[in-house]
Every structure is written in structure tokens, then in C-alpha cells.
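Participant: Sending over a structure as C-alpha cells; questions will come in a sec.
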Amino acid sequence: MSRDRTESVLYDLPGPRARRRALVGTVLGLLLIAAALALVAMRLADRGQLDAELWSPWIDPSDEQFGAVWGLVRQGATATLIAASLAIACSLVVGVLLGVARMMLGRVLRVPVVLFIELFRGLPVVITIVFVWRAMVELKVDLGFLPGEAALWYLVIGLTLYNSVIIAEILRAGVLSLPRGQGEAARAIGMTERQTMSSILLPQAFRVMLPALISQLIVILKDTSLAAVIGLGYLELLRRGNQISQVLDNPIQSLFMVGAMFIVINFALSRLATYVERRLSHSSGSASAAEAVVPAT
Amino acid sequence: MEPVLDNLDLYWSGFLRSLGIIGWSLLGSMVLGTVLAAFRVSPVASLRAFGTAWVTLVRNCPLTIVLFFMAFGLPEVGVNASFYVFGVTGLVIYTSAFVCEALRSGINAVDRGQAEAARAIGLTFGQTMTQVVLPQAFRSAVPPLGSVQIAMFKNSAVVGAFGVGADLFSVGKTLTSAQGYAYIPVLTGVAIGYLVITLTAGVLLGLLERKVAIAR
């Protein structure tokens with residue numbers, strides 16, 4: 001049976017009357033949305049928020065501040081991308097170690113790993129970042145051996161603690177979603193437990209995990225902006241946007257532009273995740289199993 | 001742990017304040033998310049488009065930007081409220097997109113044959129919805145909905161960091177920067193407070209999931 005996107009479990013195929021009603025509803029809805037948007041636009045215009053001088057530093061190359069604004073944006077975007085890539089790389093390494101440790105260690109040895117995972121999964125990531133930052137300063141931990149400023153590493157370590165336990169759980173769900181026969185067959189042909197994990201289970205789990213990992217990258221990208229809220233001196237994109245809006249005195253316009261950049265990047269990533277997921281699910285059956293563990297909030 | 005034990009009353013009131021933020025956001029995001037989910041599955045194309053646009057925009061935007069927009073953008077157009085109201089509203093808007101998707105995934109999880117069979121035995125649209133489709137949809141929506149809301153509980157700390165004042169996060173700020181206590185014990189107290197909330201919620205969710213799980 002053909003099943004186009006708009007058709008749902010909720011309704012029968014619409015007949016002529018239902019189609020007419022839907023059309024009337026659509027027009028009414030459009031009018032309502034248009035009216036709401038018009039109200040917003042009028043309010044914005046009323047308060048002078050659509051004035052050219054508030055927007056031109058962002059959108060008009062001939063504006064004298066245009067270059068400075070986009071220079072700051074470039075620095076901020078670079079800082080955000082550096083923090084996000086370091087965090088995803090570290091989370092991946094630590095997360096795989098944690099996940100494998102949780103699956104392979106014995107009942108007793110596993111306990112500290114499980115506690116660690118539950119601890120950082122339960123903590124708000126913003127608390128973790130503040131804690132890492134303040135504790136490291138208080139204990140005078142010297143991060144001088146690492147490239148880049150200390151604030152970057154406070155952010156990266158905080159993000160890694162949170163996201164690595166999520167990745168560990170995604171990995172575990174990925175392994176659990178594989179058919180039991182995979183592990184059993186590997187053991188039956190005489191592979192050790194470690195060989196089974198590293199050459200049979202993990203490679204398949206990674207494939208299943210890939211969409212979930214991309215979704216996690218979106219989470220990390222969004223969470224880098226927490227630095228701007230807690231006053232950590234790391235000048236990522238949102239912090240730069242706030243600096244710009246303070247100088248130009250245009251919070252609406254600056255936040256709009258910075259928000260739009262985040263949305264575009266994250267939207268592209270989420271499309272990529274969907275695409276990868278669809279490709280994988282063509283070849284193997286259970287691609288979405290790992291996705292169900294954690295919604296990308 | 002002395003700073004924590006000396007200020008237990010402060011922690012307690014901060015804990016309650018955080019629970020307040022969480023309670024209002026839970027209520028608001030469920031209502032708004034349900035409305036959006038209804039939009040997204042409705043036969044009316046313009047409402048569907050509105051729901052899709054809302055989810056796409058809100059889900060891909062950091063919560064921090066939503067909050068900054070509320071607190072610094074809205075006053076520019078003459079909308080003024082306390083940080084508390086702005087914070088909760090921002091959290092509601094952000095969480096609503098995830099609630100909507102969790103509910104929609106629940107509806108999509110119901111097999112088409114269920115509705116077809118219901119219609120085939122002559123149930124009306126209303127009966128099909130209330131007796132057959134929605135009860136099953138609700139059951140499959142519980143686990144993702146629970147994760148979304150627990151994530152929201154954690155995000156309430158961002159609202160706190162943002163400057164609502166007097167909530168669990170702010171207690172940490174007050175004790176350290178205003179009263180000069182050391183960070184590690186104070187923040188440990190804050191962390192324990194949030195863990196109590198999220199771990200309890202996790203256990204309750206687990207019980208609820210077991211209760212509504214569909215035996216297949």
C-alpha cells in the first residue's frame with residue numbers, strides 16, 4: 001500500500017468533504033500565522049528594531065563596523081568549533097573505554113564504572129563545567145602543558161565528562177541491539193571475550209551508533225555556549241555575539257544572527273544524521289536502536 | 001562539608017525554588033508540546049508546517065540563546081517580566097519542541113492496522129482515537145517523554161545559571177562569591193541537590209515505564 005508522508009495512522013484517506021475542510025483550515029491557519037507574524041513585525045518596527053542602523057553592521061558590507069563584527073564572529077565560531085571538536089574527540093575515546101569497561105568487567109569491578117556513568121549522567125552539564133572550572137582553579141591544577149588557554153580545557157573537560165558517559169551508554173545500547181547470535185558465534189569458533197568485543201561486536205555497534213553520535217555532536221555544539229552563561233572566560237560564538245550586541249546596543253539583531261548560525265549548522269548536522277541513519281537501516285535491520293537511548297536535548 | 005551543613009536552610013530553599021522552576025516548566029512544556037504535536041499530525045497543512053518550523057528552529061538553537069533572547073531581546077520591544085518568568089518561559093519553549101517529537105514518535109509507533117481494524121468494526125473517529133490509537137500512543141511515548149523531561153530538569157540549572165536567583169545553582173554562587181566559602185564543598189552540595197532530583201526522577205520513570213510497558 002502506498003503511504004505518503006502526510007497520511008497517518010490517525011485518519012482515513014480524506015474524501016472530497018474532508019479535503020475541502022482541510023483546505024479551509026489551511027487557509028484559516030495561514031491567515032492566523034500571517035496575522036501573528038504581522039503583529040510581531042509591527043511591534044518590532046514600532047520599537048525601531050527593524051531600523052537599518054541596527055542591522056547594517058551585520059548585513060551591509062559597506063557599513064564601517066561590518067568587518068569588525070564578522071571578524072569577531074569568525075574568532076567566536078572558530079573557538080566554538082575548536083571546543084566542540086576537542087570535546088567530541090575526547091568524549092569518543094573516554095566513552096568507548098567506559099562503555100567497554102562496563103560491558104566487560106566483572107560484576108564487582110564494574111561497580112565504580114557504573115557509579116561514574118550514573119553520576120555524570122545525572123548531573124546537569126552546566127554544573128559539571130562549573131565544578132571542573134572552579135575545582136581546578138581552587139586546587140591550582142596547572143593545565144599549562146596543554147595547548148590553548150585554560151578556560152578552553154575547563155569547558156572541554158566538563159563537556160567530555162557528560163558526553164562520554166552518554167556515548168558509553170549509546171555504545172552499550174548498540175552492542176545490546178545486535179543479535180545475540182553474533183557474540184555466541186564468535187565465542188563458539190573459539191574467540192576470546194576480548195576478540196569477540198573488538199572484532200565482532202564493536203565494529204557493528206559503531207555502525208549502528210553513527211547517527212546517535214552525530215546527534216551528540218549537535219548537543220555538544222549547543223552546550224559550548226554554556227560558557228557564555230556561567231561567565232567562563234572562553235570567547236566562543238555566543239560570548240562574541242554578546243560582546244557585539246553590547247557595543248552596537250542591538251541584542252535582538254545580534255542574538256538573531258548568532259542563533260541563526262547555530263540553527264543552520266545544527267540543522268545540517270541533524271539532516272546528516274537522518275541521512276546516515278536511513279542509509280544504514282537499508283543494509284542492517286536495527287539502526288535506530290541506539291537512537292532511542294538519549295534524545296538529543 | 002561544613003559550608004553545606006552550615007547553610008542547609010539556604011540549600012533547602014534553593015532546592016524548592018529549583019523544583020518550582022521544574023514544576024512550571026513541566027506543566028508548560030507538556031501543554032505546549034501537546035498542542036504542537038496535534039499541529040504536526042493534523043490534516044491541516046498550514047498548522048503542520050507551523051509545527052515543523054517550530055520544532056526545527058527550537059531544537060537546533062541552544063537553550064542559552066533562547067534564554068538570552070527572552071531576557072535581553074524582549075525588553076527591547078517592551079515586553080518586561082521577571083527573570084523567573086523569562087527563564088521558565090524560555091525553558092518551556094525549548095522543551096516543547098522535544099515533547100512534541102516524543103509524542104509524535106508515540107503516535108507513529110502505533111500500527112496502522114490498529115486504526116484500520118477499529119474503523120473496520122465500525123468505531124467512529126472519536127472512538128478510534130480515545131479507545132484504540134491514543135492509549136497505545138501514550139504508552140510508547142512514555143520512555144522518550146521521560147528522558148526529555150529529565151533532560152529538562154537538568155536544563156533548569158541553566159535557567160538558574162542565567163540569574164533567576166535563589167535557586168539551587170544560585171545558592172552555590174551566593175555562598176562562594178558573596179560569602180567567600182570554598183568552591184569544592186559548596187558545589188558538591190549543589191551537585192547532590194541536582195542528583196537527588198534527577199536520580200529520583202529516573203527511578204520514578206523506570207517504575208512508570210514498567211507499569212505502562214506493552215507486552216509484545
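The values are calculated or read from the model by the stated rules, or taken from the named source; none is laboratory data. Since this is a predicted model, take the numbers as computed values, not measurements. Note: ideal-geometry Cβ built from the backbone for every residue, glycine included; neighbour counts use all protein chains shown.
Participant: Whether any residue in region B:37-45 is under 18 Å from the mean Cα position of the chain (by Cα), surrounded by fewer than 20 Cβ atoms within 10 Å (Cβ to Cβ), of a type in the set (A, V, I, L, M, F, W, C) and closer than 20 Å to B:Val142 by Cβ is what I want to check. Explain how you work it out, then say what you get.
Facilitator: Our first condition is that a residue be under 18 Å from the mean Cα position of the chain (by Cα); within region B:37-45, this holds for B:37-38.
When the remaining residues are screened for being surrounded by fewer than 20 Cβ atoms within 10 Å (Cβ to Cβ), the result is B:38.
When the remaining residues are screened for being of a type in the set (A, V, I, L, M, F, W, C), the result is B:38.
Keeping just the survivors that are closer than 20 Å to B:Val142 by Cβ gives B:38.
Yes, there is a match, as at least one residue in region B:37-45 is under 18 Å from the mean Cα position of the chain (by Cα), surrounded by fewer than 20 Cβ atoms within 10 Å (Cβ to Cβ), of a type in the set (A, V, I, L, M, F, W, C) and closer than 20 Å to B:Val142 by Cβ.
Participant: Next up: In region B:183-213, what residues are of a type in the set (Gly, Ala, Ser) and in a helix (DSSP H, G or I)?
Facilitator: Taking region B:183-213 as the starting set, the residues that turn out to be of a type in the set (Gly, Ala, Ser) are B:189, B:191, B:193, B:201-202, B:206, B:213.
If the condition is that a residue be of a type in the set (Gly, Ala, Ser) and in a helix (DSSP H, G or I), then B:Gly189, B:Ala191, B:Gly193, B:Ala201, B:Gly202, B:Gly206 are the ones that fit.
Participant: Restricting attention to region B:35-70, report how many residues are more than 9 Å from every other protein chain (Cβ to nearest Cβ) and over 29 Å from A:Leu28 (Cβ atoms).
Facilitator: Number of matching residues: 1.
Participant: Among A:Leu210, A:Leu235, which is within 28 Å of B:Arg59 (Cβ to Cβ), surrounded by 15 or more Cβ atoms within 10 Å (Cβ to Cβ), modelled with pLDDT of 90 or more and more than 14 Å from chain B (Cβ to nearest Cβ)? If you could, list the steps in order and put the result at the bottom.
Facilitator: Working: A:Leu210 fails: modelled with pLDDT of 90 or more.
Within the list A:Leu210, A:Leu235, the selection yields A:Leu235.
Participant: Let me ask something additional. Would you mention how many residues in region A:41-79 are in a loop (DSSP other than H, G, I, E, B), surrounded by 12 or more Cβ atoms within 10 Å (Cβ to Cβ) and either of a type in the set (Ser, Thr, Tyr) or away from every other protein chain (no Cβ under 14 Å) (or both)? Talk me through it step by step, then tell me what you get.
Facilitator: To start, the set of residues in region A:41-79 that are in a loop (DSSP other than H, G, I, E, B) comprises A:47-51, A:60-65.
Now narrow it down to the ones that are surrounded by 12 or more Cβ atoms within 10 Å (Cβ to Cβ): A:47, A:49-51, A:60, A:63, A:65.
Of the ones still in play, those that are also either of a type in the set (Ser, Thr, Tyr) or away from every other protein chain (no Cβ under 14 Å) (or both) are A:60, A:63, A:65.
The qualifying residues number 3.
Participant: Another question, if that's okay. Which residue, of B:Leu63, B:Leu123, B:Leu67, B:Leu103, is of a type outside the set (Val, Ile, Thr) and surrounded by fewer than 22 Cβ atoms within 10 Å (Cβ to Cβ)? First the steps, then the outcome.
Facilitator: Details: B:Leu63 fails: surrounded by fewer than 22 Cβ atoms within 10 Å (Cβ to Cβ); B:Leu67 fails: surrounded by fewer than 22 Cβ atoms within 10 Å (Cβ to Cβ); B:Leu103 fails: surrounded by fewer than 22 Cβ atoms within 10 Å (Cβ to Cβ).
Of the residues listed, the single one that is of a type outside the set (Val, Ile, Thr) and surrounded by fewer than 22 Cβ atoms within 10 Å (Cβ to Cβ) is B:Leu123.
Participant: Same structure, new question: Only one residue in A:Leu201, A:Leu255, A:Leu221 is more than 9 Å from every other protein chain (Cβ to nearest Cβ) and crowded, with 20+ Cβ neighbours inside 10 Å. Which one?
Facilitator: Details: A:Leu255 fails: more than 9 Å from every other protein chain (Cβ to nearest Cβ); A:Leu221 fails: more than 9 Å from every other protein chain (Cβ to nearest Cβ).
Of the residues listed, the single one that is more than 9 Å from every other protein chain (Cβ to nearest Cβ) and crowded, with 20+ Cβ neighbours inside 10 Å is A:Leu201.
Participant: Looking only at region B:70-84, count every residue that is crowded, with 17+ Cβ neighbours inside 10 Å, in contact with a Lys or Arg (Cβ under 7 Å, 6 or more places away or on another chain) and not acidic (Asp, Glu) and tell me the total.
Facilitator: Of the residues in region B:70-84, 0 are crowded, with 17+ Cβ neighbours inside 10 Å, in contact with a Lys or Arg (Cβ under 7 Å, 6 or more places away or on another chain) and not acidic (Asp, Glu).
Participant: Looking at region A:130-155, I want the residues that are at positive phi and have a partner that is assigned to a helix (DSSP H, G or I) with Cβ atoms under 8 Å, at least 6 apart or on another chain. Which pairs are those?
Facilitator: Correct list of pairs: A:Gly148/A:Ile82.
Participant: Name the one entry in A:Ile88, A:Ile129 that is within 20 Å of A:Leu217 (Cα to Cα), within 13 Å of another protein chain (Cβ to nearest Cβ) and β-branched (Val, Ile, Thr). If you could, list the steps in order and put the result at the bottom.
Facilitator: Details: A:Ile88 fails: within 13 Å of another protein chain (Cβ to nearest Cβ).
Answer to the check: A:Ile129.
Rundown of residues vs (1) of a type in the set (Gly, Ala, Ser); (2) surrounded by fewer than 18 Cβ atoms within 10 Å (Cβ to Cβ); (3) within 28 Å of A:Thr224 (Cβ to Cβ); (4) facing chain A (nearest Cβ under 9 Å), yes/no style:
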{"position": "B:Asn155", "(1), (2), (3), (4)": "no, no, yes, yes"}
{"position": "B:Ala161", "(1), (2), (3), (4)": "yes, no, yes, yes"}
{"position": "B:Ala166", "(1), (2), (3), (4)": "yes, yes, yes, no"}
{"position": "B:Val171", "(1), (2), (3), (4)": "no, no, yes, no"}
{"position": "B:Ser177", "(1), (2), (3), (4)": "yes, yes, yes, no"}
{"position": "B:Tyr183", "(1), (2), (3), (4)": "no, no, yes, yes"}
{"position": "B:Thr200", "(1), (2), (3), (4)": "no, yes, no, no"}
{"position": "B:Gly206", "(1), (2), (3), (4)": "yes, yes, no, no"}
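Participant: Mind listing just one residue for me: the one in region B:74-117 that is among the acidic types (Asp, Glu) and more than 7 Å from chain A (Cβ to nearest Cβ) and, of those, farthest from the chain's Cα centre (by Cα)?
Facilitator: First pass over region B:74-117, keeping only residues among the acidic types (Asp, Glu): B:76, B:101, B:111, B:116.
Keeping just the survivors that are more than 7 Å from chain A (Cβ to nearest Cβ) gives B:101, B:111, B:116.
On the way: B:Glu101: 12, B:Asp111: 27, B:Glu116: 33 Å.
Restricting to residues being among the acidic types (Asp, Glu) and more than 7 Å from chain A (Cβ to nearest Cβ), the top hit is B:Glu116.
Participant: Next up: Across region B:118-153, what is the total count of residues that are at the interface with chain A (Cβ under 9 Å from one of its Cβ atoms), over 30 Å from B:Phe83 (Cα atoms) and among the hydroxyl-bearing types (Ser, Thr, Tyr)?
Facilitator: The number of residues fulfilling the criteria is 1.
Participant: Let me ask something else. Looking only at region A:200-220, how many residues end up being over 16 Å from the mean Cα position of the chain (by Cα) and in contact (Cβ under 8 Å) with a residue 12 or more places away in the chain? It would help to see each step written out before you state the result.
Facilitator: Of the residues in region A:200-220, the ones over 16 Å from the mean Cα position of the chain (by Cα) are A:200-208.
With in contact (Cβ under 8 Å) with a residue 12 or more places away in the chain added as a condition, the list becomes A:200-202, A:204-208.
Residues in region A:200-220 being over 16 Å from the mean Cα position of the chain (by Cα) and in contact (Cβ under 8 Å) with a residue 12 or more places away in the chain: 8 in total.
Participant: Follow-up question, since we're still on this one. Of (1) in contact (Cβ under 8 Å) with a residue 12 or more places away in the chain; (2) exposed (fewer than 14 other Cβ atoms within 10 Å of the Cβ), A:Ala83 satisfies all except one. Which?
Facilitator: (2)
Participant: Next question. Note down all Cβ pairs under 9 Å where the first residue falls in region B:109-135 and is touching a residue at least 60 places away in the same chain (Cβ under 8 Å), the second is in a loop (DSSP other than H, G, I, E, B) and small (Gly, Ala, Ser), and they're at least six residues apart or on different chains.
Facilitator: The qualifying pairs do not exist here.
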